[in-house]
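The values are calculated or read from the model by the stated rules, or taken from the named source; none is laboratory data. Every value quoted in this text rests on a predicted model; they were computed, and no experiment measured them. We place every Cβ from the backbone using ideal geometry, glycine too, and count neighbours over all the protein chains shown.
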Amino acid sequence: MELYSYHVQKAPQREEIELRLGVRFERVLEKAFYARLGEKYIFLTAFGCLAFLGFSKPEIDDFLKPLAEQIKLGQINQDYKIEEDPNLATPFRVTNEKLFLKSKTDSQLFVAALIVSQSVGLEKYEAVLDNKLATSKSLLSQKMTGYFGKRKALIALANSLALLRHEIIVDMHLLDKPNILWDDETAERLYNELSIFFELKERFEVVEFKLSLLKDDIMFLTDILNHKKSEFLEWIIIWLIAFEIFMGLYKMIE
């Protein structure tokens, strides 16, 4: 069984996907849904990833044709093989090439789909943050002129980062294990091993570091702009005082 996970750009709402494709999604995890078509599964997450289990790539293309105008699969994607092996001494085995399962269960398949989707989601956010860092570097390298233009750009950057952080932590659930694992020890161990294999914790720490760096850049630029504003206001006050002194002397001479 092949597992393909895609970052989805400009995806329609879940209800529209159900209507156009004739499938019915059921909630399986926090902010994650699945639809089953025979032995095949579709996995939809809140952080913009769509995973297909048991589909070939041509089948995925054919399946999504009714949504071709509304849905666009991003360039960020990953695939991972899942194979059933009844001779395994343990319930599962994780390798670079594939995941071996002694006996496939829905919970194990959902865990695999979630982890691969989280990996794709992290890759998307890593790319977004790299673009934000380029924007921040550009602002740092510019001369601090044009107060209102710079401040507007900083506010827009700060707002986008706050939303991004919310999406990463709340929607991706990287800091919380899914509730489905509470009563399934095997699925929980599989979740932990796949998380380590896909380096989710280490990559999340890198994302956190980039967010922190961007926050420091914004604070630094804001301090400079506020200093420039204060300096400008001080000069206005000085010029007003000088003008009043000049007018006072002028009246005395008259």
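Would you check if Leu109 is surrounded by 13 or more Cβ atoms within 10 Å (Cβ to Cβ), within 18 Å of Leu181 (Cβ to Cβ) and at pLDDT 90 or above?
Yes.
Take the residues in the stretch 82-102 that are out of contact with any Leu (no Cβ under 9 Å at 6 or more places or on another chain) and assigned to a loop (DSSP other than H, G, I, E, B), then tell me which one is nearest to Asp183 (Cα to Cα).
Checked the stretch 82-102; the qualifying residue nearest to Asp183 (Cα to Cα) is Thr90.
Yes or no: Arg93 free of Cβ contacts under 8 Å to residues at least 40 places away in the same chain, over 23 Å from Leu164 (Cβ atoms) and either polar (S, T, N, Q) or exposed (fewer than 13 other Cβ atoms within 10 Å of the Cβ) (or both)?
no
Restricting attention to the stretch 36-81, report how many residues are part of a strand (DSSP E or B) and either under 25 Å from Ile169 (Cα atoms) or basic (Lys, Arg) (or both).
Number satisfying all stated conditions: 20.
Quick check on the stretch 28-51: of everything there that is β-branched (Val, Ile, Thr) and over 19 Å from the mean Cα position of the chain (by Cα), which residue is farthest from Asn179 (Cα to Cα)?
Ile42
Being farther than 25 Å from Tyr41 by Cα, assigned to a helix (DSSP H, G or I) and within 12 Å of the chain's Cα centre (by Cα), is that true of even one residue in the stretch 168-187?
Checked the stretch 168-187: at least one residue is farther than 25 Å from Tyr41 by Cα, assigned to a helix (DSSP H, G or I) and within 12 Å of the chain's Cα centre (by Cα).
If you check Lys102 against the conditions, is it closer than 20 Å to Phe197 by Cβ, surrounded by fewer than 16 Cβ atoms within 10 Å (Cβ to Cβ) and either at pLDDT 90 or above or acidic (Asp, Glu) (or both)?
Judged against the criteria, Lys102 is not a match.
Quick test of your reading of the structure: Gly22 fulfils all but one of (1) at positive phi; (2) in contact (Cβ under 8 Å) with a residue 24 or more places away in the chain. Name the failing condition by number.
Here Gly22 clears every test but (2).
Does the stretch 6-27 contain any residue that is under 18 Å from the mean Cα position of the chain (by Cα) and among the aromatic types (Phe, Trp, Tyr)?
For the stretch 6-27, residues under 18 Å from the mean Cα position of the chain (by Cα) and among the aromatic types (Phe, Trp, Tyr): present.
Mind listing just one residue for me: the one in the stretch 74-90 that is of a type in the set (A, V, I, L, M) and crowded, with 16+ Cβ neighbours inside 10 Å and, of those, nearest to Leu29 (Cα to Cα)?
Among those residues, the one meeting the criterion is Ile82.
If the requirement is being among the small types (Gly, Ala, Ser), out of contact with any Cys (no Cβ under 6 Å at 6 or more places or on another chain), modelled with pLDDT of 90 or more and surrounded by 13 or more Cβ atoms within 10 Å (Cβ to Cβ), which of these qualifies: Ser136, Ser119?
Checking each option against the conditions leaves just Ser119.
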